[in-house]
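The values are calculated or read from the model by the stated rules, or taken from the named source; none is laboratory data. All values reported here derive from a predicted model rather than from experimental measurement. In this analysis, Cβ positions are derived from the backbone assuming ideal geometry, glycine residues included, and neighbour counts consider all displayed protein chains.
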Amino acid sequence: MGVKTGAPLSNTDLSWRHFIATGAMGTYSVRPEIEESWRRCYEAGVDPHDGTSHLVLNRSELNRLLRERKDLIDVARPFMANLHRFVEGSGFIVMLTDEQGFILEALGDNDTLEDAAKINFVPGASWIEEEVGTNAIGTALVLKRPLQVSGSEHYCYKHHRWTCSAAPIFDTDGRMIGILDMSGPSHETHLHTLGMVVAAVEAITHQMKIRQKNRELTLTNCRLNNIFQTMSDGVIIIDQHMAVNQINPVAKQVLGGAETEIIGRLLSDIFAGKAPHTERMLAGEGGYTDVEVMVDAGNGRIHCLASAMPIKDDTGDVTGGVVFLRPIEKIQRLVNRFSGAQATLHFKDIIGNSKEIRDTIRLASLAATGMSTILLQGESGTGKEVFAQAIHNRSSRRKGPFVAVNCGAIPRELVASELFGYAEGAFTGAKRGGRPGKFEMASGGTLFLDEIGDMPLEQQVTLLRVLEENRICRIGNDRMIPVDVRVICATNKNLPEEIAKGNFRQDLYYRLNVVSITIPPLRERREDIPLLFRYFLDKLARQRGIEFEGVEPEVMECLQRYSWPGNVRELQNVVERIVSFADGSRICMHHLPPDIYQPPAVPVHPEPSSFTRMVRAVTERQRRKEAFAERERMELLSLLTRYGGNVSQVARELGVSRNTIYRKMKLYGIEN
């Protein structure tokens, strides 16, 4: 790039010479953006007679930069090649830089590329204003808009032979990510050159947007596919004709067949020949939620909840749907898990070393390993539910639910709906969508029917049929639902006597009495009373943070003499009373209830005075009053415990009003 000779100087030439010499503009002017660039270069101390880039990346740095900007290079390269084809043979080269001015890619004629290499106009070189003065690349980086710099508009003299047209490239977020430049001989300057570069940049930007959208679509598709494959619900995708197009692994497991056998089947066939809600959805009436369906699976029919939503095209027309399947049994397990329908007691929690209780535990342990129905017999308070929970936890169904139902505490008109459930609209006040019964809730686990002797006769027939067929039919519905339940029953009544009275069906008794276990009353295992007393005492003491000084020997003797009509439950209540009254002191005889502790009779004197007789009479009346009150309190506690706190049931049992029960509870300080 030698000094121009012969040709007359242009106004730009004269302006450049004056500015380089003085640092100020003369009488000749240049474009404002060029003037501002010259001033920046002058203040930065750029050598106007150099023009060679001295900031060049080494090979490893350049390779790292090329890897980082691979996406930009891959998109821009085809458009750079097209630009070069338009100007091939004319001495032009096409350059791509990053947003910091480092050249990433260069295409052009060999002669021009060799000429450019003399000023380090090569990949890896920085082409910012601070390095090489005013140029289309560096100045466009500053202005952030397209620019053409020709001849002596360049700040450095070595560039006066060049004309450069550059335009910035922006990403989808509006950030500048590079510069596209086309440089060639200054005498080939044309405005359309800049237009070609701008058009190429627009095409690059558009292509990058497309690539970004494709990348986002691919990522979204991968995420959706991962969700589809890993969802805990079964998912079935159908077309507008209800044919199955795709299923996920859970749906395949629910349906129990090979995927090739399921794809192409009609959903109505899978849904036991009925799919009215899906038909309405495909007709444009919208999706549905939690509809009960029977699914024809490979191993029989499965009771499921189905939800669905339509798939629409860009015009809003329904082209298919997505159906979600959840087996009812799975939902019930979750409900039971979080609602507390789980057995927490084991055989090790049954306190006692007597032969009677050890024999009962041994028999119950053996029965637990089978699948037969078990009938637990024993007086009230002997711990029948404790045994039922222990049997469940020893059985193969221990991971399933344990659902307990007190047949005596349910109003007779509600027994059927409680056990077998009901369909929507079955009766006035029925819950919308219906409700599953205890048999469905216990499916896969154990159903404990306490006080089975109190079940109404009309429901005993239904119970017998369910036990025989392992299927239930909700009230108000004719659909049979399979259930997999082991039944444990308990009663404090003599069922053969109830059969003789006509209160219990003989055929149901024989069906329930497959394995009969009689739990001994507390009076028949008196040696366990000290163990139970200590167990309850220590447990309550820990709960209340109390430490007792000891127990008088007479107390234990008295406890062992008592007949315990309320059995273990009564003993537990007595210990609770003792803990409340003793309050950490030594436990003495006067801490026992009057029914258990009878004080010695007052000696009778031959001729008591009238005052003495009066005092004795008042004392005796007071004692009897206290004894009656304590018996009433214990009876009330026993009934409340028996009926699970149901005040109405207790009132019916005693033949009094509910207000009377509440008054008595308040009088005796009983909290329900």
Taking first residues from region 369-397 that are over 11 Å from Ile519 (Cβ atoms) and second residues anywhere that are among the β-branched types (Val, Ile, Thr) and surrounded by fewer than 22 Cβ atoms within 10 Å (Cβ to Cβ), the pairs with Cβ under 6 Å that are 6 or more apart or on different chains are Ser372/Val514; Ser372/Val515; Thr373/Val487; Thr373/Val514; Ile374/Val515
For residues in region 461-487 being touching a Leu at 6+ places or on another chain (Cβ under 6 Å) and buried (at least 18 other Cβ atoms within 10 Å of the Cβ), which is farthest from Met441 (Cα to Cα)? Val487
When you go through Val197, Val254, Val250 one by one, which is the residue that is among the β-branched types (Val, Ile, Thr), in the same structural domain as Gly178 (by TED's automatic domain parsing) and touching a residue at least 12 places away in the same chain (Cβ under 8 Å)? Val197
Would you be able to say whether some residue in region 375-392 is at pLDDT 90 or above and within 30 Å of the chain's Cα centre (by Cα)? yes
Within region 534-564, of all residues that are in a loop (DSSP other than H, G, I, E, B) and in contact (Cβ under 8 Å) with a residue 40 or more places away in the chain, the one surrounded by the most Cβ atoms within 10 Å (Cβ to Cβ) is Trp564
Name the pairs whose Cβ atoms lie under 9 Å apart, with the first residue in region 634-662 and within 26 Å of Val575 (Cβ to Cβ), the second surrounded by 13 or more Cβ atoms within 10 Å (Cβ to Cβ) and of a type in the set (Phe, Trp, Tyr), and 6 or more positions between them or separate chains? Leu636/Tyr668; Leu637/Tyr668; Val647/Tyr662; Gln649/Tyr643; Val650/Tyr643; Glu653/Tyr643
Filter region 234-251 for residues that are surrounded by fewer than 18 Cβ atoms within 10 Å (Cβ to Cβ) and not aliphatic (A, V, I, L, M); which is farthest from the chain's Cα centre (by Cα)? His241
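If you check Tyr42 against the conditions, is it of a type outside the set (Lys, Arg) and closer than 19 Å to Val142 by Cβ?
yes
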The one condition in (1) within 30 Å of Ser516 (Cβ to Cβ); (2) touching a Lys or Arg at 6+ places or on another chain (Cβ under 8 Å); (3) modelled with pLDDT under 90 that Gly352 fails to fulfil: (3)
Hey, which of the strands (runs of 3 or more DSSP E) in region 240-316, taking only ones fully inside, have at least 2 residues that are in contact with a helix residue (DSSP H, G or I) (Cβ under 7 Å, 6 or more places away or on another chain), modelled with pLDDT under 90 and under 29 Å from Asn477 (Cβ atoms)? 288-297, 300-312
Based on what the data block shows, is Glu524 farther than 30 Å from Thr373 by Cβ and either among the acidic types (Asp, Glu) or modelled with pLDDT under 90 (or both)? no
Selection from region 171-194 of residues that are closer than 29 Å to Thr12 by Cα, exposed (fewer than 15 other Cβ atoms within 10 Å of the Cβ) and without any contact (Cβ under 8 Å) to a residue 60 or more places away in the chain: His187, His190, Leu191, His192
